[in-house]
Amino acid sequence: YMTEGVDRCIERCRDALALADGNADTKLKIAPTLFMAQANYALGQYRLVVAALERASWLLDPTVQGGEVGLPVRPIIMRGYWMAIAQAELGDFDAAKALSAEMFASSDDRQPFESLYAGTAQGFVAMQFGDLAAALEFSSPALDRAEHYEITFIIPVLASQGGFLLAQQGRVSEGLTMV
């Protein structure tokens, strides 16, 4: 969805899921399910994201490593991220907070992207809830981790989130610099 657009992503994911339906290996469903959730999130289809990820029991195995299925993190962590931020967009803050906290607790510190993903989700959920201090508390270490490990594609997301949070707290100059 980042290279060819949301509609093309959804089309390709549907094709991949149709092919995977005829195969006993449920790992073939993992990446297309998650990529379709990302695309639907980009379209603002938050209920669809939550419903699809709730149904996808094959995403809940904590032993499946991201590299096994072409993902940067374990599918359970990626599922948690997209589901938590979609729940926050829908105003289901209790579920979103619980899921993002669970993600953080189960993230593997040996895999820096996992705790970064979890911290990003926690920061976004807190921001949507209106708890700007907590949002900054979660987002700042995630940004530091992204910069340290050179996970560059998420740095603009975290920097804009952090800059917004700083500006909202009256630290406008600092926030603009970060953005």
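The values are calculated or read from the model by the stated rules, or taken from the named source; none is laboratory data. The model shown is predicted, which means the values in this text are computed figures rather than measured ones. Cβ: placed from backbone, ideal geometry, glycine included. Neighbour counts: every protein chain shown. Only protein heavy atoms, including side chains, enter the accessible area calculation; ligands, DNA and RNA are left aside. Shrake-Rupley method; radii C 1.70, N 1.55, O 1.52, S 1.80 Å.
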*Based on what the data block shows, is ASP108 open to solvent by less than 40 Å² (accessible area, probe 1.4 Å), more than 26 Å from GLY44 (Cα to Cα) and either modelled with pLDDT under 90 or part of a helix (DSSP H, G or I) (or both)?*
yes
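Filter the stretch 70-82 down to residues that are open to solvent by less than 10 Å² (accessible area, probe 1.4 Å), in a helix (DSSP H, G or I) and either hydrophobic (A, V, I, L, M, F, W, C) or over 17 Å from LEU34 (Cα atoms) (or both), then give me how many there are. Working first, answer last.
Filtering the stretch 70-82 for residues open to solvent by less than 10 Å² (accessible area, probe 1.4 Å) gives 73, 75, 77-78, 80.
This time we only want the ones that are in a helix (DSSP H, G or I), so: 75, 77-78, 80.
Still in the list and also either hydrophobic (A, V, I, L, M, F, W, C) or over 17 Å from LEU34 (Cα atoms) (or both): 77-78.
Count: 2.
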*Among (1) in contact (Cβ under 8 Å) with a residue 24 or more places away in the chain; (2) over 11 Å from the mean Cα position of the chain (by Cα); (3) under 26 Å from CYS13 (Cβ atoms); (4) open to solvent by 10 Å² or more (accessible area, probe 1.4 Å), which single condition is PHE129 missing?*
(3)
*Would you mind telling me which numbered condition in (1) modelled with pLDDT of 95 or more; (2) open to solvent by 10 Å² or more (accessible area, probe 1.4 Å) ALA86 fails?*
(2)
*On the given criteria, is MET103 in contact with a helix residue (DSSP H, G or I) (Cβ under 8 Å, 6 or more places away or on another chain), surrounded by 21 or more Cβ atoms within 10 Å (Cβ to Cβ), closer than 17 Å to TYR41 by Cα and not charged (D, E, K, R)?*
no
*asked:* It is to be established whether one or more residues within the stretch 84-106 are more than 15 Å from MET127 (Cα to Cα), more than 12 Å from the chain's Cα centre (by Cα) and among the acidic types (Asp, Glu).
replied: yes
*Here are some residues: ASP61, ASP25, ASP7. Which one is more than 20 Å from PHE104 (Cα to Cα), modelled with pLDDT under 95 and not in a helix (DSSP H, G or I)?*
ASP25
*Restricting to the stretch 13-46, what's the tally of residues that are open to solvent by 70 Å² or more (accessible area, probe 1.4 Å), of a type in the set (S, T, N, Q) and under 19 Å from GLY70 (Cα atoms)?*
1
*Count of residues meeting criterion [in a helix (DSSP H, G or I) and either modelled with pLDDT under 95 or hydrophobic (A, V, I, L, M, F, W, C) (or both)] in the stretch 39-53*: 8
